[in-house]
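Working notes for the structure below.
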Amino acid sequence: MNSPAISNNLIWAILATLFCCLPLGIVSIIYAAKVDGLVAAGNYAAAQEAADKAKSWAMWAAGAFVILMVLYVIFFVMVGMSAGGLSGLQ
């Protein structure tokens, strides 16, 4: 019997952990690690659910990274504007 091909999304989970948001990426890796075992056990529905959760957590990690970078840039623009305004008072 052929098992359906279910991508475990482990690559995305690892990349999200390394380059985006460590805590969310680790959750993604945990779900991705479950997929192959569930497929081997014949539990395809649970394997697909774990794969979907792994992908979802990796996407949340990437989204958190983008949001944090935007806030980082805004913070330093505001600090720079504030410092520029203070230097004019002297």
The condition of being at negative phi and within 9 Å of the chain's Cα centre (by Cα) holds, among ALA61, ALA47, ALA51, ALA32, only for ALA61
Qualifying position, being surrounded by 20 or more Cβ atoms within 10 Å (Cβ to Cβ) and either in a helix (DSSP H, G or I) or of a type outside the set (A, V, I, L, M) (or both), among ALA45, ALA33, ALA62, ALA13
ALA13
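Coordinate-derived values only; no laboratory data. All values derive from a computational prediction rather than experimental measurement. Note: ideal-geometry Cβ built from the backbone for every residue, glycine included; neighbour counts use all protein chains shown.
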